[in-house]
Each structure stands twice: as C-alpha cells, then as structure tokens.
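This report refers to the structure that appears directly beneath it.
The values are calculated or read from the model by the stated rules, or taken from the named source; none is laboratory data. Quick caveat: nothing in here was measured; it's all calculated off a predicted structure. Positions of Cβ are backbone-derived with ideal geometry, glycine not excepted, and every protein chain shown enters the neighbour counts.
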Amino acid sequence: MTSPGKVSRIKFTSYTDSVREALDEIDAGNNLPSDRLIIIKPNLTNADKPPVTTNVDIVEAIYHYCRQHTKAEIAIGEGCGSGKTQDAYKANGYTDLAEKHGIRLIDFNSEKAVKLSRHDTVQLKELYVPEIVIDAYVISVPVLKDHSFTVTTIAMKNMFGIAPAPYYSGSWNKSKLHSPSTHKSVFDVCLYKKPELCVVDASVALAGMHLSGTEKKLGLILAGYDPVAVDAEGSRLMGHNPSRIGYLKLADGVLGFM
C-alpha cells in the first residue's frame, strides 16, 4: 500500500507518459472514486500562457488517466484570479479540450456558493465555497512557481481558485484572501477543502514571481495525496526551506506532513 505522504517525482518525457508513471507510482488508479464527481483543478490565474498557467496538455493526460480507471464524471474547474474564467479557458485551449472530450467546464466564480464556518481556522472563520466542490474529488494541478506573497504557489495555494469572486474580489478577483495574511488564508482555505490528489507540473517552473518570473527547467512531474508533502517537495526544488514558509508551517501536522 502506498504511503499517504509519498510524493512521486518522475522525470518529464511527455505529459502522457510522465503523468501515468507518476500516478501509477502512488497507485492513483485504484484510489480514484467511482461515485463522486472528479474535478481537475488547474491554475488559470489569468489568461496568460504556461508556465504562468497550467498547460492544457497535462490536464488532458490526467483526464485520460482518470477515464481509464473510473466511470465517474470528470470535470474541469477553476475560478480565475483576474478577468473572466471563460476567457482563461478559451485562451489556453481548455474550451477546445472540453468540446473534444465532452468535459464540463466549471467556473467557481459563478457557481452557486454556500457559506461554511469552522472554529479551527486562524483567519477565515467563514468561507463561501461553491456547492459543487464540497463533496467532489479535487485534483489540484498547478505549475510549480515562486510567489510574491507566499514564497511558493503549488497545490495548496491553487485552491484559492475555488473561492467565488463575488465574495472575495477587490482590486482583483481573490484579493480579499490576500489580506491580512495570505499564508493564513492558504491554510484556512485548505481546511475547508483540501485537494484529494495533487499533480504538479514541474517540467518548467517559474522562479522569482508567479506572474512574470524566470522560467526554470526542472524536467519533473510530481504527484501525491498529501498537499503539504507535495508543496514541501516543490518548495525544496525551488531552493526554499519548507520549514520557513508560513503556510506550510501552519499546515504541517494538520493537513499533512512536511
């Protein structure tokens, strides 16, 4: 049985082959649900091209892998950080992918949301969450990137996309989540809904800044069930000490283990 904290680290050859190898290494095929909606959650913070955003080819590879192992419905979901989600989908080939395979595209920014509350959060005592995501099996599929607020943005920060813009927009769609502490919001959002599976595109990372950094060729695909372990591994690959990253320190031992 695969350890829940195992992070597969596979040399990138192609999205199809490397995603399959990474997911097989953690026995993902035997752990996918058969009776829950599976939502593949890329990072489409805006309409820019990869590696600012998640390459549509890795999402297609994950879709095919899931389709081979389960009869559950598979959708793609995102709520972009700036602009309109449908524009980000279209600009990066997701609209074409959805039409090709008959995949539902979900816009978390416009989905019906419900207000949840938790006593164990550190900042967000209440959070509006799209109803559709609450019981879904979410696969977080970020690009490995540095971030100007949280040092890195990987599988956990990617979950900001589920927060509906009508409740959290200011100068950009999710700006209210970034104040007073983005680190605390990352931890809290994942308390409400953490990803069940993480697949990280570390073939070409983005160093320095999440919207306009320097491309860093790492040639890897990462996968794991524990988002804390996955983000810790990704942070190390970017040259950072996970124990010095605020959101990972908060999450260690609560949402997973570094």
Every pair of residues 6+ apart whose Cβ atoms lie under 7 Å, when the first sits in the stretch 218-233 and is under 17 Å from residue 245 (Cα atoms) while the second is surrounded by fewer than 24 Cβ atoms within 10 Å (Cβ to Cβ) and among the β-branched types (Val, Ile, Thr) | 229/7; 230/7; 233/7
Residue 224 versus (1) of a type in the set (Gly, Ala, Ser); (2) buried (at least 19 other Cβ atoms within 10 Å of the Cβ); (3) out of contact with any Lys or Arg (no Cβ under 7 Å at 6 or more places or on another chain); (4) under 18 Å from residue 54 (Cα atoms): which is the lone unmet condition?
-> (3)
Filter the stretch 169-199 for residues that are hydroxyl-bearing (Ser, Thr, Tyr) and not in a loop (DSSP other than H, G, I, E, B); the one that is surrounded by the most Cβ atoms within 10 Å (Cβ to Cβ) is 185
Matching residues, the stretch 25-57, being closer than 25 Å to residue 9 by Cβ and acidic (Asp, Glu) | 25, 27, 57
Qualifying positions in the stretch 39-50 - surrounded by 24 or more Cβ atoms within 10 Å (Cβ to Cβ) and in contact with a helix residue (DSSP H, G or I) (Cβ under 7 Å, 6 or more places away or on another chain) | 39, 40, 41, 42, 43, 44
A careful count of residues in the stretch 97-118 that are in contact (Cβ under 8 Å) with a residue 24 or more places away in the chain and either surrounded by fewer than 16 Cβ atoms within 10 Å (Cβ to Cβ) or closer than 27 Å to residue 31 by Cβ (or both) gives 11
Kindly indicate whether any position in the stretch 128-144 is assigned to a loop (DSSP other than H, G, I, E, B), surrounded by fewer than 24 Cβ atoms within 10 Å (Cβ to Cβ) and at pLDDT below 95.
-> no
Name the residue, out of 16, 2, 53, that is surrounded by fewer than 17 Cβ atoms within 10 Å (Cβ to Cβ), at pLDDT 95 or above and either out of contact with any His (no Cβ under 8 Å at 6 or more places or on another chain) or over 16 Å from residue 198 (Cβ atoms) (or both).
-> 16
Kindly indicate the residue of the stretch 56-77 that is among the charged types (D, E, K, R) and more than 16 Å from residue 200 (Cα to Cα) and also surrounded by the fewest Cβ atoms within 10 Å (Cβ to Cβ) among those meeting that condition.
-> 71
Of the residues in the stretch 224-241 that are over 21 Å from residue 214 (Cα atoms) and assigned to a helix (DSSP H, G or I), the one that is nearest to the chain's Cα centre (by Cα) is 227
Out of (1) under 25 Å from residue 170 (Cα atoms); (2) within 17 Å of the chain's Cα centre (by Cα), the one residue 37 does not meet is (1)
Expected output for the stretch 131-146 (first residue free of Cβ contacts under 8 Å to residues at least 24 places away in the same chain, partner surrounded by fewer than 20 Cβ atoms within 10 Å (Cβ to Cβ) and part of a strand (DSSP E or B), Cβ below 7 Å, 6+ apart or cross-chain) is 131/114
Give me the pairs, please: first residue somewhere in the stretch 3-15 and under 16 Å from residue 59 (Cα atoms), second residue anywhere and of a type in the set (A, V, I, L, M, F, W, C), beta-carbon distance under 6 Å, and either six or more positions apart or on two chains.
-> 12/220; 12/221; 15/58; 15/61
When the residues of the stretch 42-97 are filtered to those that are part of a loop (DSSP other than H, G, I, E, B) and charged (D, E, K, R), which remaining residue is nearest to residue 165 (Cα to Cα)?
-> 84
Number of the condition not met by residue 36 [criteria: (1) in contact with a Phe, Trp or Tyr (Cβ under 8 Å, 6 or more places away or on another chain); (2) part of a helix (DSSP H, G or I)] | (2)
